[in-house]
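Read through the structure below, which is laid out as structure tokens, and then see the notes.
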Amino acid sequence: MQAAWLLGAFVVPQLLGFGHGARGAEREWEGGWGGAQEEEREREALMLKHLQEALGLPAGRGDENPAGTVEGKEDWEMEEDQGEEEEEEATPTPSSGPSPSPTPEDIVTYILGRLAGLDAGLHQLHVRLHALDTRVVELTQGLRQLRNAAGDTRDAVQALQEAQGRAEREHGRLEGCLKGLRLGHKCFLLSRDFETQAAAQARCTARGGSLAQPADRQQMEALTRYLRAALAPYNWPVWLGVHDRRAEGLYLFENGQRVSFFAWHRAPRPELGAQPSAAPHPLSPDQPNGGTLENCVAQASDDGSWWDHDCQRRLYYVCEFPF
């Protein structure tokens with residue numbers, strides 16, 4: 001009996017101490033694990049809060065206690081217990097309050113859906129940009145082809161214009177020799193159009209010739225007979241290809257050669273026995289008399305004499321063509 005009492009007095013306190021130590025260790029383990037869980041919850045709540053602020057989303061109930069403290073957890077557990085007791089006592093009725101706040105899973109799902117929509121929109125934009133790039137390439141190729149075609153057309157038009165000019169010059173030369181006066185290796189053709197001296201030269205050049213350039217007395221006399229027969233009984237001055245525009249008194253042909261033969265008009269001489277007059281003839285003074293104001297030469301159709309005139313005066317003209 002005494003031995004049994006001694007055994008109980010020794011073992012029971014040891015068992016009680018072992019149980020107390022085991023419960024303390026268990027509490028220490030739960031405290032350490034629980035602290036790690038609380039830290040994880042704090043990090044998740046903080047990340048969720050930053051994400052909601054970046055996207056401009058409304059804060060949920062989970063933001064009311066982002067730190068996840070023990071006091072908040074205990075309050076929430078107490079509110080949950082009170083809610084359960086009230087639900088047991090009260091009859092369940094349909095809730096007419098506001099809709100529940102979105103959970104973190106709902107927010108993440110919403111964000112993923114928005115990102116998927118943005119990705120689809122970007123894909124459509126890439127497709128449209130590719131189509132636009134293809135269209136721009138096609139338009140660029142078409143524009144290059146049009147430019148090449150325009151260049152070919154321009155060259156063809158220029159070639160046609162050159163051919164037309166050659167044809168007009170050849171036609172004018174043949175017409176001048178067929179309708180006009182043929183004299184040696186040149187032909188003269190009278191034109192009854194009133195033109196300035198420069199315009200007359202341009203028209204003769206376009207027809208393959210130039211203004212008449214009688215080089216000697218034989219050509220001068222033949223041209224005089226041709227003009228008299230064409231314009232008789234009137235006296236019409238006609239432009240020749242002779243001028244002194246470069247220097248006063250230096251008469252040149254249109255081809256730049258210097259004139260060596262002249263047929264200037266001279267005033268009528270008094271009859272034998274009559275007193276000579278010092279004053280010039282009022283209607284037919286000696287030529288040339290225009291000075292720097294009259295630099296172009298015209299030939300009279302009645303006697304073939306040369307007169308200097310203002311180059312801007314509009315007269316008939318005679319073209320010369322090579323034969």
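Of all the numbered requirements in (1) in contact with a helix residue (DSSP H, G or I) (Cβ under 8 Å, 6 or more places away or on another chain); (2) farther than 11 Å from Cys319 by Cβ; (3) modelled with pLDDT of 90 or more; (4) of a type outside the set (Ser, Thr, Tyr), Arg192 misses one, and that requirement is (1).
Filtering the stretch 110-156 to residues that are open to solvent by less than 90 Å² (accessible area, probe 1.4 Å) and closer than 30 Å to Glu53 by Cβ leaves Ile111, Gly113, Ala116, Gly117, Ala120, Gly121. Taken over the stretch 165-217, the criterion of being over 44 Å from the mean Cα position of the chain (by Cα) and free of Cβ contacts under 8 Å to residues at least 12 places away in the same chain is satisfied by Leu174, Leu178, Lys179.
Summed over the stretch 193-230, residues that are under 17 Å from Glu175 (Cα atoms), assigned to a strand (DSSP E or B) and open to solvent by 30 Å² or more (accessible area, probe 1.4 Å) total 1. Among the residues making up the stretch 242-271, those that are under 17 Å from Leu293 (Cα atoms) and either among the aliphatic types (A, V, I, L, M) or outside any strand (DSSP E or B) (or both) are Val242, Ala247, Glu248, Gly249, Leu250, Leu252. Just one residue in the set Arg203, Arg225, Arg154, Arg182 is out of contact with any Asp or Glu (no Cβ under 8 Å at 6 or more places or on another chain), more than 20 Å from Gly304 (Cα to Cα) and either at pLDDT 90 or above or not aliphatic (A, V, I, L, M) (or both); that residue is Arg154.
The listed residues are Ala149, Ala167, and the only one of them that is assigned to a helix (DSSP H, G or I) and more than 30 Å from Ala215 (Cα to Cα) turns out to be Ala149.
The values are calculated or read from the model by the stated rules, or taken from the named source; none is laboratory data. Everything numeric here is computed off the predicted structure, so don't read it as measured data. Cβ coordinates were reconstructed from backbone atoms using ideal geometry, including for glycine residues, and neighbour counts include every protein chain displayed. Side chains included, ligands, DNA and RNA excluded: accessible areas come from the protein's heavy atoms. Shrake-Rupley method; radii C 1.70, N 1.55, O 1.52, S 1.80 Å.
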